[in-house]
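The values are calculated or read from the model by the stated rules, or taken from the named source; none is laboratory data. Only a predicted model underlies this, so the values are computations on that prediction, with no experimental measurement involved. No Cβ is skipped: glycine too gets one built from the backbone with ideal geometry, and neighbour counts run over all protein chains shown. Just the protein is used for accessible areas: all its heavy atoms, side chains included, with ligands, DNA and RNA removed. Shrake-Rupley method; radii C 1.70, N 1.55, O 1.52, S 1.80 Å.
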Amino acid sequence: MATTTPPPEDPEGHLTSFLECPICYVSYDNAFKTPLLLLCSHTFCMECLSRLCLFLKKSQEFPCPMCRSLAQIPPEGVPKMQPNLDVVAQLPPEMQTLEEVWADGYKLCWMKKKDSSEGKGSLVTLHLLTNGGENRPGPDPDGLISTEQSGCRAFCNSLWGMGITILLLASSSSAFCS
């Protein structure tokens, strides 16, 4: 008589954390949240790495957000980095086929599969930067009201503020290590 062993328990949520980006804590998928593998073996979603490398040139190096090992942006951009196929294999079967995603300026794009009702696909975009008009108070697509931040908090929460903060921290740590 053959016996089956129950699946191993995961009381500390290691499998769950393996299936989500350690930067944004959102589960991986097969499009904008595709798990990308760096040479140092750390994995992050395409969206987070694209935002991190937004102001870097293609073929330029950037530090891994976890260990600071240098990783290189391919000439075709972040969407062409190597996916972590071990993580992809853990996704539900319908999400194991990776979508073709490309960078177009400050946005990521992919062509959604054809809708069975209309027989054609649709372009899906993710803006990596928001323009000034999108940050004004008012209803957003989810029906929520957004508010403006002012002063230092708004600067620190902005992508520019984060980039400048990273540069300042990197320059101060390299000066400290010299």
Matching residues in the stretch 33-51 - criterion: being open to solvent by 30 Å² or more (accessible area, probe 1.4 Å) and either touching a Ser or Thr at 6+ places or on another chain (Cβ under 6 Å) or hydrophobic (A, V, I, L, M, F, W, C) (or both): 37, 39, 40
Residue in the stretch 80-98 that is of a type in the set (Gly, Ala, Ser) and touching a residue at least 24 places away in the same chain (Cβ under 8 Å) present: no
Output for the stretch 61-80, where each listed residue is assigned to a loop (DSSP other than H, G, I, E, B) and either open to solvent by 20 Å² or more (accessible area, probe 1.4 Å) or more than 21 Å from residue 111 (Cβ to Cβ) (or both): 64, 65, 66, 67, 68, 69, 73, 74, 75, 76
Residue under evaluation residue 116, criteria (1) modelled with pLDDT under 85; (2) surrounded by 12 or more Cβ atoms within 10 Å (Cβ to Cβ), criterion not met: (2)
Residues of the stretch 81-93 satisfying the condition of being open to solvent by 90 Å² or more (accessible area, probe 1.4 Å) and more than 15 Å from residue 41 (Cβ to Cβ): 90, 93
Failed criterion for residue 103 (all others in (1) crowded, with 17+ Cβ neighbours inside 10 Å; (2) without any contact (Cβ under 8 Å) to a residue 40 or more places away in the chain hold): (2)
